[in-house]
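The values are calculated or read from the model by the stated rules, or taken from the named source; none is laboratory data. Just so it is clear, the structure is predicted and the values come from calculations on it, not from any experiment. Heads up, the Cβs are rebuilt from the backbone with ideal geometry, glycines too, and the neighbour counts pull from every protein chain shown. For the accessible areas, the whole protein counts, side chains as well, though only heavy atoms, and no ligand, DNA or RNA atoms are used. Shrake-Rupley method; radii C 1.70, N 1.55, O 1.52, S 1.80 Å.
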Amino acid sequence: VAPLDDFIGLFHAMQEQILLLTLASLIIFVPGALIFSSRMSSQITSLAAEARRVQGMDFSETRILPSRIVEFFDLSQSFSLMKADIASRTKALETSEDKLGRLVTLGVAMSGEKDNDKLMEMILLGAKELSNADGGTLYILNDDQKLDFQMLHNDTLGLAFGGLSGEEIDFSSVPLFDDDGAPNRRNVVSFCVHEGETINISDAYDHSEFDFSGTKIFDQDHGYHSKSFLTVPLKPRGGEIIGVLQLINARGADSDAPTPFSAEIQSFVEALSAQAATALYNRNLLQAQQDLMDGMIHVIGGAIDAKSPYTGRHCERVPKLAMMLAEEASQSDIGVFSEFRF
């Protein structure tokens, strides 16, 4: 008897309300969802672009887009740190590659160098270049078991002694043994020879094992501060130590302030020292062979001269006359000798 609307009217009203609420929700949330997904996609697009830049070896700084999603923000931060680390390692690898190339070039040049002074100059300057050191000294062991100063260079003070500079070094030699015959272990270069190992000191003024009194006097006289030291023995393969290479005050890439010598730099300098020692050792052997040959010729010539009074001093005069004739022939610009040159 009752009208049907009395039973289903309320349901119709609820349906209308639900429909209106659904439409309102869609109108509100769909644009929000689009904006939110757009921001999410922009974050992912930015990370993808960063990955492409890294693939192209582009490590330039880029701004990290903010994100309210913690996971996305952490991912962006991690990606940025990864890119910085890759950039740093790539730069270090390029630097090491350049140093390795320079080391090979120096090795080839040293092996073919015949002038002793030029060879020692190449050794010291090459080590300074590899380590970016401000100064360096080269010592050679003499027959009296003393280390003679052969060369000294310092960029800050503008000093250059020995080698091709023409300036004589008036520093005293460093003895390997004391007057009583005990090994001299107070000096870092003599200690390096006795132990046969590299000595890396980060701060000489904060080091009590060795005697740096001479260094401190030098610093006081020249207004300098010798801080970091790298002392490397010159030892050819299978031979005895023939000298010491010492570098002073390593410098950073962007600053001239003295810094300690790193383990990587030490390995490069040790490799150069091994090649340098071999080149010096071979050069000394060649010189010894030449001196031996000259000595034998003088002995034979003296014996021939002494055998007969008629040929006395003949073997001494003939080489002089031969050299005089050769020089005149080489300097002549006329006749058959016009194109003749030694």
Task: The listed residue being at negative phi, in a strand (DSSP E or B) and surrounded by fewer than 18 Cβ atoms within 10 Å (Cβ to Cβ), out of Asp180, Asp144, Asp148, Asp211 - done: Asp148
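This table checks each residue for (1) of a type in the set (A, V, I, L, M); (2) in contact (Cβ under 8 Å) with a residue 12 or more places away in the chain.
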site	(1), (2)
Val108	yes, no
Leu130	yes, yes
Met151	yes, yes
Gly166	no, no
Phe177	no, yes
Gly181	no, no
- [ ] For Glu167, state whether it is in contact with a Phe, Trp or Tyr (Cβ under 8 Å, 6 or more places away or on another chain) and either over 21 Å from Ile201 (Cβ atoms) or open to solvent by 30 Å² or more (accessible area, probe 1.4 Å) (or both).
- [x] yes
Open item on the list: Can you say whether Asp221 is open to solvent by 60 Å² or more (accessible area, probe 1.4 Å) and either touching a His at 6+ places or on another chain (Cβ under 8 Å) or outside any helix (DSSP H, G or I) (or both), as far as the supplied structure shows?
Closed with: no
Task: Residue satisfying condition, being under 30 Å from Val108 (Cβ atoms) and in contact (Cβ under 8 Å) with a residue 60 or more places away in the chain, within set Arg237, Arg283 - done: Arg283
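A quick yes/no check of all residues on (1) at pLDDT below 85; (2) within 16 Å of Leu103 (Cβ to Cβ); (3) among the β-branched types (Val, Ile, Thr); (4) open to solvent by less than 10 Å² (accessible area, probe 1.4 Å):
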position	(1), (2), (3), (4)
Val244	no, no, yes, yes
Ile248	no, no, yes, no
Arg251	no, no, no, no
Ser255	yes, no, no, no
Gln266	no, yes, no, no
Ala271	no, yes, no, no
Gln275	yes, yes, no, no
Leu280	yes, no, no, yes
